[in-house]
Every structure is written in structure tokens, then in C-alpha cells.
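Taking it in order: structure first as C-alpha cells, then the write-up.
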Amino acid sequence: MKILVIHGPNLNMLGTREPEVYGSLSIEDLDAAILSYAADLGMEATTFQSNHEGAIVDKLQDFADHDGVIINPGALTHYSIAVRDAISSIPIPVVEVHLSNIYAREEFRHSSVTAGECIGQISGFGHSSYLLALRSLLER
């Protein structure tokens, strides 16, 4: 099973941006944990990060070699109809993840335009949100 993991805007700043909210792991550390856990589950994962909405849409549409997607759209979660439409246009399962509990934060973060096109959403478990998403795709 091959999984594409997409990190959205500002996730390249993990480890330095608000560690009290997002944790102390760098994106490199997060990717290493994802790749290691995927291998432990007998899965193959590839990771991708972009601060650009169009690059994320392009990556979603380039799904042919994958069996599922895990996406943390970052701020795009709350307003990107383009990312939402890209998710809805691909025939493989997508899980939305967030490091923080978006429902325990500012009001504007409580709304996700992308989650409704995903098979589920996992938030609030730090880097384990991604690991839980891997497990859920495997068990699906």
C-alpha cells in the first residue's frame, strides 16, 4: 500500500513555529516518523510539503501511484475550495490531519472546507495524528 502525505503551508516551519501548539519536531523529524511507521505497517509512504495552493492541487491530482492520501492542508483547511475540489476529484481515500486540536483554538479554525471530502479527520494528537491516519488507511 502506497500513501502520499501532503503537508500544507507553514508546516516547513515545524519545530520553530509555536512549539507549544505544534510540538518540537521539525518537518524532517515528522517525515522520518511517518516513513518509519509506514514501513512498520508494511506500507510505503512519500511526503511532500508546499506553501503554494496550486502545487498541493497538482500533487493531489498526481495520485496514480498511490492507494491513499494523508493531508494536513494547514490554513488552506479553512478556505481552499481548490484543495477541496482536488480531493473530491480523486478516486482514492483521503484523511485530513492536524497536529493541534483545531476545535480548541480560534473560532476561524473550527471550520474545515476540506474535511467533508475526506473519509475522516484526525486532529489534536501532535505527530501521532499522522500515524493514526496511516493505521486508519491500512485498516480501511
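For the chain, treating each Cα as an identical point scatterer without solvent, what Debye log10 I(q)/I(0) comes out at q = 0.20 1/Å? Ignoring solvent entirely, the Cα scatterers give -1.24.
Using 0.36 nm per residue and subtracting the Cα-Cα separation, the extra length available between I27 and A55 on full extension is 8.3 nm.
Distance between the 7 Å Cα→Cβ label points at T16 and E44: 3.3 nm. Fewest-first ordering of R17, R84, R135 by other beta carbons within 10 Å of each residue's beta carbon gives R17, R135, R84. At full extension, K2 and R135 could sit 46.6 nm farther apart than now, given 0.36 nm per residue minus the alpha carbon distance. In a fully extended conformation the segment linking D85 and L35 would gain 15.3 nm over its present Cα-Cα distance, using 0.36 nm per residue.
Excluding I81 itself, calculate the net charge of residues whose Cβ lies under 11 Å from the Cβ of I81, where each Lys or Arg counts +1 and each Asp or Glu counts -1. Let's see the in-between values first.
On the way: positive: R84; negative: E53, D85, E117.
Once positives and negatives cancel, what remains is -2.
The residues packed around I119, meaning those with a beta-carbon under 12 Å from its beta-carbon, carry a net charge of -2 if Lys and Arg are +1 and Asp and Glu are -1.
Here the convex hull built on the C-alpha positions of the stretch 1-80 has a volume of 87 cubic angstrom per residue.
FYI, it's all coordinate maths here, none of it is from the lab. The shown structure was predicted, so the numbers you read here are calculated from the model rather than taken from an experiment. Using ideal geometry, Cβ is built from the backbone for each residue, glycine included, and neighbour counts are taken over all protein chains shown.
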